[in-house]
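First comes the structure, then the notes that go with it.
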Amino acid sequence: KIFIYDAESDNGFWQFDPITEQWNQLTAYPGARRDYPTHFSINDDIYIGMGADFEPYTSIKYGDFYKYSPSTNSWTQIADFTYQNYSLRTETSTFTINDIAYVGNGATNTGTPTGGSNRNDCWRYDPTLDNWTQVDDIGPIVRAGHFSFSINGKGYIGGGIWSISAERYDMFEFIP
């Protein structure tokens, strides 16, 4: 099943069931409305937090995190993410290995990308050796603001933009 957080519809939270091909509205995300939150899944629970609100003149950064349980259709607040400096963090890269979430990269409020912004390189992490290895690039064009996920050991990436007005509607599959 696919879950989507929609900041533009009162923190709407939705589930798509590919078997029935139906969207179901779930309990709304309880945190403040935010742009580019961090999200990941461990076991069957979904975690959403961090991000920022870029609508006010001075951006608001968030460090709060919430866990969504599909079995009860409910949210629980968990420990906040503690920033090491004042800079907010958006557009992060996240993945889970052995029920441990890894969050990194992204952009800060200075506009400086530390990865994941207008790039098409792809890296594989080995938690046993604690190292990264570069693998094949993802598609012929760099992109930012994309979405990605993994299913059955394969990685998928799609959407995003590659310039101010050039949206991407393609999707790529990575087979390790």
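The values are calculated or read from the model by the stated rules, or taken from the named source; none is laboratory data. Just so we're clear, the structure is a prediction, and the values are computed from it rather than from any experiment. Cβ sites come from the backbone with ideal geometry, for glycine too, and all protein chains shown count toward neighbours. Accessible surface is based on the protein model in full, side chains and every heavy atom, while ligands, DNA and RNA are left aside. Shrake-Rupley method; radii C 1.70, N 1.55, O 1.52, S 1.80 Å.
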Scope segment 137-161; condition outside any strand (DSSP E or B) and closer than 12 Å to Ser93 by Cβ; matching residues: His146
Any hit, segment 132-151, residues being loosely packed, with under 14 Cβ neighbours inside 10 Å, hydroxyl-bearing (Ser, Thr, Tyr), farther than 27 Å from Thr27 by Cα and modelled with pLDDT of 75 or more: yes
Every residue from segment 106-130 that is at pLDDT 70 or above and open to solvent by 60 Å² or more (accessible area, probe 1.4 Å): Trp123, Arg124, Thr128, Leu129, Asp130
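Can you tell me which residue within segment 34-82, out of those that are in a loop (DSSP other than H, G, I, E, B) and touching a Lys or Arg at 6+ places or on another chain (Cβ under 7 Å), is nearest to Tyr102 (Cα to Cα)? Show your work before the answer.
First pass over segment 34-82, keeping only residues in a loop (DSSP other than H, G, I, E, B): 34, 36-37, 43-44, 50-51, 54-59, 62-64, 70-73, 79-82.
Cutting the leftovers down to touching a Lys or Arg at 6+ places or on another chain (Cβ under 7 Å) gives us 50-51, 62.
On the way: Met50: 14, Gly51: 16, Tyr62: 18 Å.
By that ranking, first place goes to Met50.
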Filtered residues of segment 17-58 (kept if aromatic (Phe, Trp, Tyr) and over 14 Å from Asn73 (Cα atoms)): Trp23, Tyr36, Phe40, Phe54, Tyr57
Which numbered condition Asn73 fails, given (1) open to solvent by 50 Å² or more (accessible area, probe 1.4 Å); (2) of a type in the set (S, T, N, Q); (3) over 17 Å from Ile4 (Cα atoms): (3)
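Conditions tested, residue by residue: (1) open to solvent by 40 Å² or more (accessible area, probe 1.4 Å); (2) under 15 Å from the mean Cα position of the chain (by Cα); (3) more than 30 Å from Thr128 (Cβ to Cβ); (4) among the aromatic types (Phe, Trp, Tyr).
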residue	(1), (2), (3), (4)
Glu55	yes, no, yes, no
Ile60	yes, no, yes, no
Tyr66	no, yes, yes, yes
Ile78	yes, no, no, no
Ser93	yes, yes, no, no
Thr96	yes, yes, no, no
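Test Gly155 against the criterion of being surrounded by 10 or more Cβ atoms within 10 Å (Cβ to Cβ) and in contact with a Ser or Thr (Cβ under 8 Å, 6 or more places away or on another chain), and give yes or no.
On the way: surrounded by 10 or more Cβ atoms within 10 Å (Cβ to Cβ): yes; in contact with a Ser or Thr (Cβ under 8 Å, 6 or more places away or on another chain): yes.
Against the criterion (surrounded by 10 or more Cβ atoms within 10 Å (Cβ to Cβ) and in contact with a Ser or Thr (Cβ under 8 Å, 6 or more places away or on another chain)), Gly155 qualifies.
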Residue count for segment 6-33, restricted to those that are assigned to a strand (DSSP E or B) and open to solvent by 40 Å² or more (accessible area, probe 1.4 Å): 7
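Looking only at segment 161-175, which residues are modelled with pLDDT of 75 or more, touching a strand residue (DSSP E or B) at 6+ places or on another chain (Cβ under 6 Å) and open to solvent by less than 90 Å² (accessible area, probe 1.4 Å)? Don't jump to the end; show me each part of the working.
So in segment 161-175, the residues modelled with pLDDT of 75 or more come out as 169-175.
Filter once more, keeping what is touching a strand residue (DSSP E or B) at 6+ places or on another chain (Cβ under 6 Å): 171-175.
Correct list: Phe172, Phe174.
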